[in-house]
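Report on the following structure.
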Amino acid sequence: MTDPAPDPVAATEKLDPVQQPQSRVIVVMRHAQAEDTAASDFERRLTDRGRRDAQAAGQWLRAHGTVVDHALVSAAARASETWARLAHGAGWELTPDLDRGLYSAGPESALDLVRAVPDEVSTLLLLGHNPTVALLAQLLDDGEGDAEAGNQLAMGYPTGAISVFRLEGPWADLGSGSASLTAFHVPRG
């Protein structure tokens with residue numbers, strides 16, 4: 001008995017597999033409400049409402065099944081404190097990448113930080129300051145996502161605001177109009 005002839009299509013697929021773009025999620029968040037004054041702007045801490053709102057943001061993300069595997073967070077006190085409350089509310093035990101540069105970064109610099117995220121990361125959270133996060137969210141939006149979320153995004157980016165985007169492909173390819181807005185939420189705790 002002879003062996004069956006090899007299937008040329010199957011052999012080609014094994015040698016040259018078609019790579020499907022990986023679906024990724026980026027959550028863009030503004031820090032929660034902070035006190036008006038401190039020794040410096042960098043040192044401003046969250047208000048009681050800000051702490052409640054950050055916790056509520058984490059609970060909202062958890063309820064929507066969002067589990068981040070990497071976080072880029074401004075090293076400013078109000079942003080790192082927002083992260084701590086957010087992570088607690090979401091049930092995450094992830095150590096964030098605290099970045100001093102994100103404190104003063106513009107949207108293009110923030111986008112450069114995202115583009116440098118390792119490819120194994122599938123869900124990323126970027127937590128920073130206005131106007132950067134609002135401009136970044138507007139920059140990423142391809143206009144093809146959830147219409148109501150898009151309307152809310154266009155109305156402003158208050159403290160604690162969260163935009164959730166889906167994109168295909170590597171982080172390095174992220175650019176203007178390359179992500180679809182799936183949700184927008186302003187938590188109040």
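Given contacts defined as C-alpha pairs under 8 Å and at least six residues apart, what's the relative contact order of the chain, whole-number percent?
Relative CO of the chain lands at 30 percent.
Let me understand region 20-185 better: what is its radius of gyration from the alpha carbons, and its Dmax, in angstrom?
14.6, 50
Please give the length that would be gained between ALA154 and ARG62 if that part of the chain were fully extended, namely 0.36 nm times their separation in residues minus their C-alpha to C-alpha distance (nm, one decimal).
Contour length minus Cα-Cα distance gives 30.7 nm.
Among 73-84, 147-158, 100-111, how do they line up by average Cβ neighbours within 10 Å per residue, starting with the highest?
Packing proxy ranking, top to bottom: 73-84, 100-111, 147-158.
If the chain between ALA38 and ASN130 were fully stretched, how many nm would it gain, using 0.36 nm times the residue separation less the Cα-Cα distance?
The span from ALA38 to ASN130 would gain 31.3 nm if fully extended.
Among ASP119, ASP99, ASP36, which comes first, then next, by fewest other beta-carbon atoms within 10 Å?
Ordered by Cβ neighbours within 10 Å, fewest first: ASP36, ASP119, ASP99.
With +1 on each Lys and Arg Cβ and -1 on each Asp and Glu Cβ, how big is the dipole of region 20-185 about its Cα centre, in debye rounded to the nearest 20?
Using Cβ point charges on Lys, Arg, Asp and Glu, region 20-185 gives about 520 debye.
Whole-Hz Karplus ³J(HN,Hα) for region 169-175, in order, using 6.51 cos²θ - 1.76 cosθ + 1.60 and θ = phi - 60°, x for Gly and Pro?
Each residue of region 169-175 in turn: x, x, 4, 4, 8, 5, x Hz.
Would you mind getting me the FRET efficiency between THR95 and ASP173? Use the beta-carbon distance for r and R0 = 25 Å, nearest 0.05.
Rounded to the nearest 0.05, the efficiency is 0.40.
So which DSSP H runs in the chain come out at 20 Å plus along the axis (Cα) with average Kyte-Doolittle of at least 1.6?
Membrane-span-like by this rule: not one helix.
Every number here is computed from the coordinates shown, using simple stated rules; none is lab data. Here the structure is a predicted model, which means the values were calculated and not measured. Virtual Cβ from ideal backbone geometry, glycine too; neighbours counted across all protein chains shown.
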